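The values are calculated or read from the model by the stated rules, or taken from the named source; none is laboratory data. A quick note: this is a predicted structure, and the numbers were derived from the prediction, not measured. In this analysis, Cβ positions are derived from the backbone assuming ideal geometry, glycine residues included, and neighbour counts consider all displayed protein chains.
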Amino acid sequence: MVVQFPAQKGSWEAVLDLRKERKDDWWEVEALFDHCFAPGREALSSYRLRDDVSPISNLCFVAHDALGVLGGAIRSWEVVIGDKPVLLLGPVAVHPTRQAEGLGGLLINELLAQAESDGWTRVMLVGDYPYYRRFGFSKLENVTMPPPTNPDRVLGRALIGGAWDGVTGTVNKITVSLLDP
Ligand SMILES: CC(C)(COP(=O)(O)OP(=O)(O)OC[C@H]1O[C@@H](n2cnc3c(N)ncnc32)[C@H](O)[C@@H]1OP(=O)(O)O)[C@@H](O)C(=O)NCCC(=O)NCCS
């Protein structure tokens, strides 16, 4: 999908190709994440939920600019709390030269819209509330990520009303997907 995009807030100059990530994008996306996150990102607790589990291919997006340069990417995984499937959003990153143009928001909103249309009901992530609250995320009470995780950074959003009601406990890696194929 080609989207017009504000190269500077208020103007619509740049054109971005926003599409699902393909297999051959993998290492370019990894390089972008390495560039955007602090060294050792894979030591973060959320990565323990991703070890040996494939991302959800329909919920991984990349955005390239008109020159074919990767500007931003987002991936997601399925995790579980008890017997409840949860969508774990992220990592998401935008190249430093394209930050604060709205691209992060575009990727997150695209993922959330696709997740809703695919039947997901609850989404979580580990991140900065001051950023993610604009997408409807709030702190999840009584949901525990593998340590070490700052509980204030464990955020969730319901895609249908009440989807988080009574969903508490430790977030675990999936062994078998709980969702219908
Ligand atoms: C976080 C990130 C994906 C946001 O992408 P982006 O394209 O720059 O974001 P957007 O253009 O959609 O939004 C920009 C706004 O978010 C704010 N913002 C960005 N990161 C923020 C943060 N961590 N906390 C609070 N606000 C943040 C900016 O100040 C800006 O505010 P404004 O609209 O009031 O000017 C990007 O900054 C990034 O890749 N950071 C490094 C990797 C990272 O931290 N990923 C997220 C892991 S939780």
Pairs, first under 11 Å from residue 84 (Cβ atoms) and without any contact (Cβ under 8 Å) to a residue 40 or more places away in the chain in the stretch 156-174, second surrounded by 14 or more Cβ atoms within 10 Å (Cβ to Cβ) and not β-branched (Val, Ile, Thr), C-beta under 9 Å, six or more apart: 165/158; 166/84
Tally, over the stretch 53-65, of residues that are away from the ligand (no atom under 15 Å from the Cβ), in contact (Cβ under 8 Å) with a residue 40 or more places away in the chain and surrounded by fewer than 20 Cβ atoms within 10 Å (Cβ to Cβ): 2
Keeping to the stretch 48-65, report how many residues are within 16 Å of the chain's Cα centre (by Cα) and either over 25 Å from residue 148 (Cβ atoms) or outside any loop (DSSP other than H, G, I, E, B) (or both). 10
Considering residues of the stretch 135-152 that are surrounded by 11 or more Cβ atoms within 10 Å (Cβ to Cβ) and in a helix (DSSP H, G or I) only, the residue nearest to the chain's Cα centre (by Cα): 135
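Could you pull out every one of the strands (runs of 3 or more DSSP E) wholly within the stretch 66-132 that has 2 or more residues that are touching a residue at least 60 places away in the same chain (Cβ under 8 Å), away from the ligand (no atom under 13 Å from the Cβ) and buried (at least 23 other Cβ atoms within 10 Å of the Cβ)?
Correct list: empty, since no element meets the threshold.
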Taking the stretch 17-49, which residues are among the basic types (Lys, Arg) and without any contact (Cβ under 8 Å) to a residue 60 or more places away in the chain? 19, 20, 22, 23, 41
Just to be sure before I move on: is residue 16 assigned to a strand (DSSP E or B), under 23 Å from residue 135 (Cβ atoms), modelled with pLDDT under 95 and not aromatic (Phe, Trp, Tyr) in the structure I sent? yes
